[in-house]
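Q: Take a look at this one; I'll ask things after.
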Amino acid sequence: MNFRGFLRSRAPETAHYGGTQFLGDCSGGLIASLIALPYGLAMASMMGLPPILGVFTSIVTAPVIALLGRNPVLIGGTASATVPFIALAVRNQGIGGAALLSMMASGIMIGFWGLRLGRYITRVPHPVVSGFSCGIGGMMLISQLDTICGVASPFTRSASSSLGQLAAVIDHISDSRIVPIVLALTVVLVATFAARLSPHAPAPLIGVALAIAVARIFGLREKEVGTLPSMLPPLVGLTWNLKAMIAVFPSAFALAFVSSVNILITSRVVEHFRGRHKRMKPSDADAELGAYGIANLCAGVFGAPISVGIPARSLAVVRCGGTTPIANLLHAAFLVVILWIGSGFVSRIPIPALAGVTAWMGLCLLDWSAWRRLPKMGRVDAAAFLATAGSVLCMNAVLAVVIGCSFYVVQAAYVRWIRPARVPDLQVP
């Protein structure tokens, strides 16, 4: 299959791939890589792994996902949903234990693909998907408030939920500083204006560039990304034995389930923002899990954490006009270039500017059209939407989906068993 044939099979609407599509993929891939850098480093550190492994996950998995995945603009990487599982494995068994956990979870995801279980996750009702999107958007916005306000501290980062983190930021709001707020708001306002001028403009990238210019012109000093390591991680030595695998299996299964739900729900959210409101084909949902399972096996060999769908990076590609898997490949390529030869420029990007990018993405994910439709929704749809969004902020994303879907389970049970019992049989004289 030639290059155009590959694009057509992954994204049929781009059969006539040209300069405009490449520009969208390129700018989307670049901004996704800029988001991936600090986020990946931070996630790996929280897991107790060498920070570079959080970025290496994206570099290794992106080519496999681009080749085998079904959503052309679903960008994967290290995510907070996987932190508890891998952090516990690192604490108990070191990097080798974490690698074993990730590789077993990857194998289980491939098993989900073989058993065709992915198609069942795609049956999640649309209000739950919209609520998930809004909850993730709110979580992304809240997660950056401490950096934007200049009050980032262990107190604001140790909260167990987004609402807890918001409360911690409010407690320290009197310590806010003007410089990080100015830099972050510059990114948010400029990106919003650029997106309105042109839906396919690389809005976040324009915002970051102007924030850097503002910092240089007015001499604003703020913490920057800093020097990035350029050494690739070595292969991890694993000891495969039945006893260790049995001990790890429950955690691996839970990690595989959480990752699978995250991938497929995020994929639906991304498709929603691309203007596509149809559910994924059953075969595509299954294949997506297989693609991520195979990709994560490759990452696990290096001890890198498991990759799942990342809303901020995926939405960045969409907002910049990216439409094909080339954006995912370029996202990985830019990471390699930055780590290898371009770290000097990236190291000078102010951290609040990148926080502004994530915050802007969060605002975009809030799905304002869903809030406008809320008064017109049915009671069950509205309750499921609000419960899902709130649960993402109060608990975790996977449990939020379960809670949202439970409203429809209760409704189906009521229609099937309770309501008929309350209607007396007609007595025929």
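The values are calculated or read from the model by the stated rules, or taken from the named source; none is laboratory data. Note that the structure is predicted; figures quoted are calculated from it, not measured. Using ideal geometry, Cβ is built from the backbone for each residue, glycine included, and neighbour counts are taken over all protein chains shown.
Q: Against the conditions (1) surrounded by fewer than 24 Cβ atoms within 10 Å (Cβ to Cβ); (2) at pLDDT below 90; (3) on the phi < 0 side of the Ramachandran plot, where does Gly54 fall short? Just the number, please.
A: Of the numbered conditions (1) surrounded by fewer than 24 Cβ atoms within 10 Å (Cβ to Cβ); (2) at pLDDT below 90; (3) on the phi < 0 side of the Ramachandran plot, the odd one out for Gly54 is (1).
Q: Filter region 367-379 for residues that are touching a residue at least 60 places away in the same chain (Cβ under 8 Å) and farther than 18 Å from Cys320 by Cα; which is surrounded by the most Cβ atoms within 10 Å (Cβ to Cβ)? Steps first, please.
A: As a first pass, look at region 367-379 and keep what is touching a residue at least 60 places away in the same chain (Cβ under 8 Å): 367, 370-371, 377.
Checking the rest, the ones that are also farther than 18 Å from Cys320 by Cα come to 370-371, 377.
Details: Ala370: 19, Trp371: 13, Met377: 16.
Here the answer is Ala370.
Q: Next up: So, in region 391-404, of the ones that are buried (at least 18 other Cβ atoms within 10 Å of the Cβ) and more than 18 Å from the chain's Cα centre (by Cα), which residue ends up nearest to Leu255 (Cα to Cα)?
A: My answer is Ile403.
Q: If you take the residues of region 111-127 that are in contact with a Gly (Cβ under 9 Å, 6 or more places away or on another chain) and assigned to a loop (DSSP other than H, G, I, E, B), which of them is surrounded by the most Cβ atoms within 10 Å (Cβ to Cβ)?
A: Taking region 111-127 as the starting set, the residues that turn out to be in contact with a Gly (Cβ under 9 Å, 6 or more places away or on another chain) are 111-114, 117-118, 124-125, 127.
Imposing the further condition that a residue be assigned to a loop (DSSP other than H, G, I, E, B) reduces the set to 117, 124-125.
On the way: Leu117: 16, Val124: 22, Pro125: 17.
The selected residue is Val124.
Q: Here is a further query. Which one of these does Thr324 not meet: (1) over 17 Å from the mean Cα position of the chain (by Cα); (2) part of a helix (DSSP H, G or I); (3) modelled with pLDDT of 90 or more?
A: (2)
Q: Of these, Leu189, Leu210, Leu255, which one is part of a helix (DSSP H, G or I), under 30 Å from Pro125 (Cα atoms) and either at pLDDT 90 or above or not small (Gly, Ala, Ser) (or both)? So that I can check it myself, show each step before the final result.
A: Values: Leu189 fails: under 30 Å from Pro125 (Cα atoms); Leu210 fails: under 30 Å from Pro125 (Cα atoms).
The conditions single out Leu255.
Q: Also, I was wondering about something else. Restricting the first residue to region 149-170 and requiring it to be of a type outside the set (D, E, K, R) and surrounded by 13 or more Cβ atoms within 10 Å (Cβ to Cβ), which pairs with a second residue that is modelled with pLDDT under 85 and in a loop (DSSP other than H, G, I, E, B) meet a Cβ separation below 7 Å and a spacing of at least six or different chains?
A: Ser161/Met395; Gln165/Ala159; Ala168/Ala159
Q: If Thr20 passes every condition in (1) under 21 Å from Ala333 (Cβ atoms); (2) surrounded by 24 or more Cβ atoms within 10 Å (Cβ to Cβ); (3) of a type in the set (Val, Ile, Thr) but one, which one does it miss?
A: (2)
Q: Taking the condition out of contact with any strand residue (DSSP E or B) (no Cβ under 6 Å at 6 or more places or on another chain), farther than 28 Å from Gly293 by Cα and among the hydrophobic types (A, V, I, L, M, F, W, C), does Ala98 pass?
A: So Ala98 fails the test.
Q: Name the one entry in Ala201, Ala159, Ala167, Ala184 that is assigned to a helix (DSSP H, G or I), small (Gly, Ala, Ser) and at pLDDT below 90. Walk me through it before giving the result.
A: Working: Ala201 fails: assigned to a helix (DSSP H, G or I); Ala159 fails: assigned to a helix (DSSP H, G or I); Ala184 fails: at pLDDT below 90.
Only one candidate qualifies: Ala167.
Q: Do we find a residue being closer than 14 Å to Ala299 by Cα and of a type in the set (Ser, Thr, Tyr) anywhere in region 83-105?
A: yes
Q: Further, regarding this structure: Does Ala66 satisfy being under 20 Å from the mean Cα position of the chain (by Cα) and surrounded by fewer than 24 Cβ atoms within 10 Å (Cβ to Cβ)? Walk me through how you get there before you give the answer.
A: Values: under 20 Å from the mean Cα position of the chain (by Cα): yes; surrounded by fewer than 24 Cβ atoms within 10 Å (Cβ to Cβ): no.
Judged against the criteria, Ala66 is not a match.
Q: Let me spell it out: the conditions are (1) of a type in the set (Val, Ile, Thr); (2) under 28 Å from Ile326 (Cβ atoms); (3) in a helix (DSSP H, G or I), and Val73 meets all of them except one. Which number is the exception?
A: Unmet for Val73, out of (1) of a type in the set (Val, Ile, Thr); (2) under 28 Å from Ile326 (Cβ atoms); (3) in a helix (DSSP H, G or I): (3).
Q: Restricting the search to region 184-214, which residues are touching a helix residue (DSSP H, G or I) at 6+ places or on another chain (Cβ under 6 Å) and more than 23 Å from Gly322 (Cβ to Cβ)?
A: Taking region 184-214 and keeping what is touching a helix residue (DSSP H, G or I) at 6+ places or on another chain (Cβ under 6 Å), we get 184, 186-188, 190-191, 194-195, 200-208, 210-211, 214.
Selection gives Ala184, Thr186, Val214.
Q: Next question, about the same structure. Of the conditions (1) under 18 Å from the mean Cα position of the chain (by Cα); (2) farther than 29 Å from Leu68 by Cα, Val151 clears all except one; give me its number.
A: (1)
Q: Any idea which of (1) within 22 Å of the chain's Cα centre (by Cα); (2) modelled with pLDDT of 90 or more; (3) not in a loop (DSSP other than H, G, I, E, B) is the one Met361 doesn't satisfy?
A: Met361 satisfies all of (1) within 22 Å of the chain's Cα centre (by Cα); (2) modelled with pLDDT of 90 or more; (3) not in a loop (DSSP other than H, G, I, E, B) except (2).
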